[in-house]
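A short write-up of the structure that comes next.
Values in this text are rule-based calculations from the coordinates and carry no lab data. The shown structure was predicted, so the numbers you read here are calculated from the model rather than taken from an experiment. Using ideal geometry, Cβ is built from the backbone for each residue, glycine included, and neighbour counts are taken over all protein chains shown.
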Amino acid sequence: MQYGAKMRGTRTTIEIVGLTCALTMGLSGCHHKQVVPPLPAITQPVDLATQPQPAKPQMVEAPAVKLPPPPMAASGGKPRREHRKGSKATAASTPVSPPVQVATVEPPPEQTAIGALSSGGDSSPRVQQEAADLIASIDKRLNALPSQKVEEEKAQISKIKNFQRQAQEALTSGDAEGAKTLATKAKLLLDDLEK
């Protein structure tokens, strides 16, 4: 009796497994490659459709930009007179000298690269402190750079140290604004280096 019950349980399990396999195969479908019938041969020539060109091509208009007036040479030797109420006699009696052309000398590239320093004088203690803090932070960041990075970027680090040195000299001479400007330039170069 036990043998029959075991057989019935095994047969039921086999039937369930078989039914599951049959359903799985039935639902998954056929995996054979489908053969697509070839298209019929074209026996008559067919005209190709072309898109008609627009009669008037679209133009992209440039945005209107308000430009400053063009520079003009000295007004041809005519002096400008200011018209003030009650001072007609003074305007006519003042001699007007002809315009003098001044030759401009461009500074060497090194001077233009670092910018012009201010005259110092009236600099607030807050600006002096900001410049000193900026110089100190640049020094800390330079010292924290890995030695391999220092070797690879010698030229860039040299520029940074040059700006930092000039910033320190400007701060020592009392030019806090110039020192802050130079230290900011060194900081920006260091930011680019650390990217």
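Sorting check: for 124-135, 17-28, 35-46, which peptide has the highest mean count of neighbouring beta carbons within 10 Å, and how do the rest follow?
Details: 124-135: 15.2, 17-28: 9.3, 35-46: 5.7.
My ranking of the peptides, most packed first, is 124-135, 17-28, 35-46.
Over 24 Å between C-alpha atoms is what I'm after, so list which of Lys149/Lys187; Lys66/Lys180; Lys149/Lys180; Lys66/Lys187 land there. Let's see the in-between values first.
On the way: Lys149/Lys187 17 Å; Lys66/Lys180 35 Å; Lys149/Lys180 26 Å; Lys66/Lys187 36 Å.
As for pairs spanning more than 24 Å Cα to Cα, those are Lys66/Lys180; Lys149/Lys180; Lys66/Lys187.
How much net charge surrounds Leu171 when only other residues with a Cβ under 12 Å from its Cβ are counted (Lys, Arg +1; Asp, Glu -1)? Net charge in that neighbourhood comes out at -3.
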